[in-house]
Amino acid sequence: QVHLVESGGGLVQAGGSLRLSCAASGRTFSRYAMGWFRQAPGKEREFVAAISWSGGSTRYADSVKGRFTISRNNAKITVYLQMNSLKPEDTAVYYCAADPDNVMSTGLREYDYWGQGTQVTVSS
């Protein structure tokens, strides 16, 4: 079992930055790929970024590529999402998720464990 808790959300002006953290419990965290997803009001949850168990591979949604960076610290059992040049359309609840099969999928079904989410609001 893996328990995930996100933090770092908040209100920021367009063009600003935030860093989200996802703290995990469970000794198997370092074996799992991790992903970040987001869900805006009235919209489906969508993929944002993923990172392999080692941190050596990453992938991003086209909408955030070049602005967001995913990273992880297995010693601290934490994964991060650095978000720069934020836009109002980035406003959403952001979720981290764990993928035991290390597929780094953009789909939700491959992720077995989810956090409760953290709200990010970008004002124009």
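Per-structure values
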{"quantity": "Qualifying residue in segment 26-42 (condition: of a type outside the set (Ser, Thr, Tyr) and in contact with a Gly (Cβ under 7 Å, 6 or more places away or on another chain))", "calculated": "no"}
{"quantity": "Close pairs from segment 21-39: first within 14 Å of GLY56 (Cα to Cα), partner open to solvent by 30 Å² or more (accessible area, probe 1.4 Å) and assigned to a strand (DSSP E or B), Cβ under 7 Å, at least 6 apart", "calculated": "MET34/ARG72"}
{"quantity": "Long-range neighbours under 6 Å by Cβ, at least six apart or interchain, first residue within 18 Å of SER21 (Cβ to Cβ) within segment 48-70, second exposed (fewer than 14 other Cβ atoms within 10 Å of the Cβ) and among the hydrophobic types (A, V, I, L, M, F, W, C)", "calculated": "none"}
{"quantity": "Number of the condition not met by TYR95 [criteria: (1) in a loop (DSSP other than H, G, I, E, B); (2) under 20 Å from GLY9 (Cα atoms)]", "calculated": "(1)"}
{"quantity": "Matching residues in segment 37-70 - criterion: being in a strand (DSSP E or B) and under 16 Å from SER105 (Cα atoms)", "calculated": "PHE37, ARG38, GLU46, PHE47, VAL48, ALA49, ALA50, ILE51, THR58, ARG59, TYR60, ILE70"}
{"quantity": "Filter result for TYR80 (touching a residue at least 40 places away in the same chain (Cβ under 8 Å), surrounded by 14 or more Cβ atoms within 10 Å (Cβ to Cβ) and either more than 21 Å from VAL12 (Cβ to Cβ) or out of contact with any Ser or Thr (no Cβ under 6 Å at 6 or more places or on another chain) (or both))", "calculated": "no"}
{"quantity": "Residue, least open to solvent (accessible area, probe 1.4 Å), within segment 21-52, restricted to residues that are at pLDDT below 95 and among the charged types (D, E, K, R)", "calculated": "ARG31"}
{"quantity": "Residue selected from segment 83-106 under the condition among the polar types (S, T, N, Q), farther than 13 Å from TRP53 by Cα and open to solvent by 50 Å² or more (accessible area, probe 1.4 Å), by the criterion farthest from the chain's Cα centre (by Cα)", "calculated": "SER85"}
{"quantity": "Positions within segment 1-15 being assigned to a loop (DSSP other than H, G, I, E, B) and open to solvent by less than 20 Å² (accessible area, probe 1.4 Å), in sequence order", "calculated": "VAL2"}
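The values are calculated or read from the model by the stated rules, or taken from the named source; none is laboratory data. Quick caveat: nothing in here was measured; it's all calculated off a predicted structure. Using ideal geometry, Cβ is built from the backbone for each residue, glycine included, and neighbour counts are taken over all protein chains shown. Just the protein is used for accessible areas: all its heavy atoms, side chains included, with ligands, DNA and RNA removed. Shrake-Rupley method; radii C 1.70, N 1.55, O 1.52, S 1.80 Å.
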